[in-house]
Amino acid sequence: MRTLPAVGTAFAVGGQLFLDDSPARAQGAAAPAAGHFHPKGKAPSKYTLDVLSQARGTLPFSDARDFEEQQKGLIAPMQDLRIMADAGHVAWDMERFQFLDKQDEFDSIHPSLLRQSKLNNNYGLYEVIAGIYQVRGFDLSDITFIRGKTGWIVFDPLVSKEVVRAAWKTFQQHVGAGLPVSAVIFSHTHGDHWGGVRGIADEADVRSGKIPVIAPIDFMQFTVSENVYAGNAMNRRLFFQYGLLLPASPYGYVGQGLGQAVSAGATGLIAPTRYVEQPIEEFEVDGVRMIFQNTPNTEAPREMNTYIPDMKALWMAENVIASLHNIYTLRGAPVRDPLNWSKYINESLYRFGQEAEVLFASHHWPRWGNARIQEILRAQRDLYAHMNNQVLHLANQGVTINEIHNVYQVPKSLQAHWHCRGYHGSPQHNSRGVVQRYLGFWDCNPTTLIPLSPHDSAPLYVEMMGGSEKILARGQQLYDEGKYLLASEIVNKLVQAEPQNQPAKELLADIFEQIGYQQENPGLRNSFLAGAYELRSGIPQGTTASSSSPDVIRAMSTELFLNFLGIRMDSRKADGLKFTINLITPDNGERFIIELENATLTNIKGFLAAKPDLTLKINRSDLELTMIGARTLEAQIADGTAKIEGDPSILKSLAAAMVEFDPRFEIMPGTKTSRVAATENPYEATDMRQPVAE
Ligand SMILES: [Zn+2]
């Protein structure tokens with residue numbers, strides 16, 4: 001299994017890794033914008049400048065409280081702008097975001113997004129209140145330390161262990177007083193809230209009970225299952241949402257809204273030892289009274305807020321941050337439930353928010369004072385409820401998924417709150433997500449019900465529009481008039497029809513780039529700029545850096561693994577095959593029937609077939625070695641670690657039907673440059689990678 005290869009390395013080297021073998025290098029430069037990282041990059045047009053300048057005039061810049069709150073309590077800025085990974089590469093690099101603070105404005109960055117990115121440039125150790133500290137800016141998320149009776153209770157240990165270690169070191173230098181970690185709390189299932197746990201807790205100490213690890217009920221199940229089945233597609237889509245190819249630059253990547261980036265060190269997972277099971281549960285953690293509020297199916301499938309009554313401190317996990325969050329995530333994920341989310345915020349407001357004096361969370365910075373806290377909770381509650389209600393109100397009047405983003409608007413009173421603006425979710429893609437959640441993809445126009453694939457319908461459009469020359473001329477004209485969305489409609493048709501038409505791809509790239517510059521939301525910006533990048537340079541190929549995350553594989557149930565094999569199998573290669581396997585894993589007492597029939601691989605847990613074609617006996621702990629890619633199943637059978645009875649050729653035919661997913665599959669036509677190598681270990685849990693962050 002590989003983790004998000006590209007996040008790490010691409011971010012760490014500012015895109016250079018990919019630029020090195022990019023065809024862009026070989027092509028002639030075409031009047032680039034000065035300072036642009038790409039030889040074909042363009043400066044913002046006068047229309048884009050107008051859009052940004054108009055936005056500047058309507059944004060609530062008179063409210064500067066975020067800047068005060070973000071700086072409040074600074075104990076020590078982090079001096080090292082880079083944190084190295086144990087593997088030798090750069091795990092975290094703040095150097096590349098320093099340009100953001102060097103100018104008040106950039107003509108290629110939306111002023112609201114620039115403001116958020118400047119706020120996220122905070123980098124160091126902060127006091128929240130006496131006894132609560134945060135290290136911020138070491139990763140996409142924040143790590144929090146709370147003083148317990150015997151040591152420090154850690155909330156949400158970031159993405160990777162190296163940055164967690166650096167955070168702990170900084171913390172110990174200034175306030176930790178040499179006291180140990182006494183407990184770890186994972187607020188939710190996303191990888192930016194637990195992946196660095198091994199940087200701060202030893203597994204033996206967790207197993208012995210010395211360091212309890214606390215998480216919401218069903219944490220393990222949802223941590224590994226949320227994104228596995230479509231993991232390869234999600235990772236590929238991250239190139240768009242998170243702009244993995246884009247160098248940090250005023251013309252490229254300027255941060256991710258939630259934080260500047262995702263760290264690229266080693267990720268791991270230690271299973272929790274205590275679960276919060278009840279909707280509301282109160283108990284002491286290292287002598288500190290905590291009230292846990294489970295909030296399932298909100299920002300994550302399993303998540304919990306925590307109130308510390310003796311400190312009047314309210315931890316809102318990732319349910320309330322300094323942004324509108326994603327209802328729909330551009331990399332792809334099941335659409336979230338905004339009404340449910342809003343109701344849990346409302347519950348926090350009435351249970352804890354009436355007396356809380358500080359509100360803090362796993363991203364961004366704290367807010368102090370009860371009036372401010374209530375202001376935030378009320379606005380955030382209304383933000384998600386409004387999106388749910390008004391989108392459905394409009395849908396009930398016939399507004400479709402293809403129109404809603406042009407119709408739906410966040411109320412003006414909420415737009416005036418910086419924390420309600422779209423730095424992760426955007427009103428546009430979220431409103432479409434709400435329609436998707438309730439009504440699905442179809443707008444109910446039969447034309448769009450079983451449409452031709454774009455490359456099949458596009459040639460007719462091109463023909464009817466009079467051919468590529470005419471489309472290019474009209475597209476250029478629309479571009480010159482600043483009508484970028486209209487221009488993209490017709491030039492995209494041409495690119496779909498003629499994937500090798502380089503002038504068409506380059507015009508579409510120029511169009512995407514201007515749309516990207518105009519976006520307030522980093523996911524939208526990155527998606528357009530990444531589209532432009534791939535159209536100009538092609539998709540960089542080659543193998544992706546592989547870093548095994550055995551912890552996460554171990555956390556996968558055998559059933560999940562078998563389900564995923566059913567997805568990895570190319571059923572076209574399994575046509576005509578028919579067999580039954582009994583799988584027995586003696587060390588954990590599990591048994592499965594695995595059947596291949598009708599070109600479909602199924603499994604059922606807890607059963608054994610009376611007359612299997614093959615019985616495979618292997619300890620789950622040994623099977624994990626195969627899943628991790630450390631040992632092939634063949635080798636385990638050869639040395640007797642795995643025992644088989646029956647027809648061993650079955651495993652061979654099944655293996656032959658397994659496909660390794662291409663982590664760089666083509667999205668924009670004509671951008672694929674070469675192929676990747678095939679797999680050697682067909683039963684490795686490769687491509688079960690899931691995006692680490694949310
Ligand atoms: Zn997060």
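The values are calculated or read from the model by the stated rules, or taken from the named source; none is laboratory data. Computed from a predicted model, the values in this text were never measured in an experiment. Note that each Cβ is placed from the backbone with ideal geometry, even for glycine, and that neighbours are counted across all protein chains shown. Areas reflect the complete protein model, heavy atoms only, side chains present, ligands, DNA and RNA absent. Shrake-Rupley method; radii C 1.70, N 1.55, O 1.52, S 1.80 Å.
Looking across the stretch 138-162 at every residue that is away from the ligand (no atom under 14 Å from the Cβ) and within 25 Å of the chain's Cα centre (by Cα), the one that is surrounded by the fewest Cβ atoms within 10 Å (Cβ to Cβ) is identified as Lys161.
Taking the numbered list (1) out of contact with any Gly (no Cβ under 6 Å at 6 or more places or on another chain); (2) open to solvent by 10 Å² or more (accessible area, probe 1.4 Å); (3) within 28 Å of Val90 (Cβ to Cβ); (4) modelled with pLDDT of 95 or more in turn, Gly265 passes all entries but (4). It is to be established whether one or more residues within the stretch 33-50 are among the aromatic types (Phe, Trp, Tyr), modelled with pLDDT of 95 or more and closer than 26 Å to Ala322 by Cβ. Looking for residues that are among the aromatic types (Phe, Trp, Tyr), modelled with pLDDT of 95 or more and closer than 26 Å to Ala322 by Cβ, one finds none in the stretch 33-50, hence no. Taking the stretch 631-661 as the range and being without any contact (Cβ under 8 Å) to a residue 40 or more places away in the chain and surrounded by fewer than 16 Cβ atoms within 10 Å (Cβ to Cβ) as the test, the residues that pass are Ala635, Ala638, Asp639, Gly640, Lys643, Glu645, Pro648, Ser649, Lys652. A single member of Ile618, Ile567, Ile581 is over 26 Å from Gly196 (Cα atoms), among the aliphatic types (A, V, I, L, M) and touching a strand residue (DSSP E or B) at 6+ places or on another chain (Cβ under 6 Å), and it is Ile581. In the set (1) in contact with a Ser or Thr (Cβ under 9 Å, 6 or more places away or on another chain); (2) over 23 Å from Val163 (Cβ atoms); (3) touching a residue at least 60 places away in the same chain (Cβ under 8 Å), Asp66 fails one condition alone, (1). All of (1) among the β-branched types (Val, Ile, Thr); (2) within 16 Å of the ligand (Cβ to nearest atom); (3) open to solvent by 20 Å² or more (accessible area, probe 1.4 Å) hold for Thr400 with one exception: (2). Look at (1) open to solvent by 10 Å² or more (accessible area, probe 1.4 Å); (2) at pLDDT 95 or above and you find that Ala87 fails only one, number (2). Kindly indicate which of Gly531, Gly482 is on the phi > 0 side of the Ramachandran plot and either of a type outside the set (Val, Ile, Thr) or surrounded by 24 or more Cβ atoms within 10 Å (Cβ to Cβ) (or both). Just a single option satisfies the conditions, and that option is Gly482. I'd like to check something: does the stretch 197-214 contain any residue that is within 16 Å of the ligand (Cβ to nearest atom) and either open to solvent by 10 Å² or more (accessible area, probe 1.4 Å) or under 26 Å from Asn121 (Cα atoms) (or both)? Yes, some residue in the stretch 197-214 is within 16 Å of the ligand (Cβ to nearest atom) and either open to solvent by 10 Å² or more (accessible area, probe 1.4 Å) or under 26 Å from Asn121 (Cα atoms) (or both). In the stretch 311-350, which residue that is open to solvent by less than 10 Å² (accessible area, probe 1.4 Å) and charged (D, E, K, R) is modelled with the lowest pLDDT? Filtering first and then ranking leaves Arg331. Yes or no: Arg437 of a type in the set (D, E, K, R) and crowded, with 20+ Cβ neighbours inside 10 Å? For Arg437, the condition - of a type in the set (D, E, K, R) and crowded, with 20+ Cβ neighbours inside 10 Å - is not met.
When you scan the stretch 96-114, do you find a residue that is within 16 Å of the ligand (Cβ to nearest atom) and modelled with pLDDT of 95 or more, even just one? No; the residues of the stretch 96-114 include none that is within 16 Å of the ligand (Cβ to nearest atom) and modelled with pLDDT of 95 or more. Taking the numbered list (1) within 12 Å of the ligand (Cβ to nearest atom); (2) open to solvent by 10 Å² or more (accessible area, probe 1.4 Å) in turn, Gln173 passes all entries but (1). Considering (1) more than 16 Å from the ligand (Cβ to nearest atom); (2) touching a residue at least 24 places away in the same chain (Cβ under 8 Å), the lone condition that Gln390 does not fulfil carries the number (2). When residues in the stretch 556-591 are screened for being open to solvent by 30 Å² or more (accessible area, probe 1.4 Å) and either in contact with an Asp or Glu (Cβ under 6 Å, 6 or more places away or on another chain) or not acidic (Asp, Glu) (or both), 14 of them pass. When we screen Asn297, Asn227, Asn232 for residues that are at pLDDT below 95 and open to solvent by 10 Å² or more (accessible area, probe 1.4 Å), the only hit is Asn232. Within the stretch 215-238, the set of residues being within 16 Å of the ligand (Cβ to nearest atom) and over 14 Å from the mean Cα position of the chain (by Cα) comprises Ala215, Pro216, Phe219, Phe222. Selection over the stretch 361-370 of residues that are under 29 Å from Ala261 (Cα atoms) and surrounded by fewer than 23 Cβ atoms within 10 Å (Cβ to Cβ) gives a count of 1. When you scan the stretch 70-80, do you find a residue that is surrounded by fewer than 12 Cβ atoms within 10 Å (Cβ to Cβ), assigned to a loop (DSSP other than H, G, I, E, B), over 25 Å from the mean Cα position of the chain (by Cα) and at pLDDT below 50, even just one? No, the stretch 70-80 has no match at all.
Taking the stretch 32-53 as the range and being in a helix (DSSP H, G or I) and open to solvent by less than 50 Å² (accessible area, probe 1.4 Å) as the test, the residues that pass are Thr48, Leu52. Suppose we keep only residues that are in contact (Cβ under 8 Å) with a residue 40 or more places away in the chain and among the basic types (Lys, Arg) within the stretch 489-535. Which one would you say is farthest from Ala458 (Cα to Cα)? Within the stretch 489-535, the match that is farthest from Ala458 (Cα to Cα) is Arg525.
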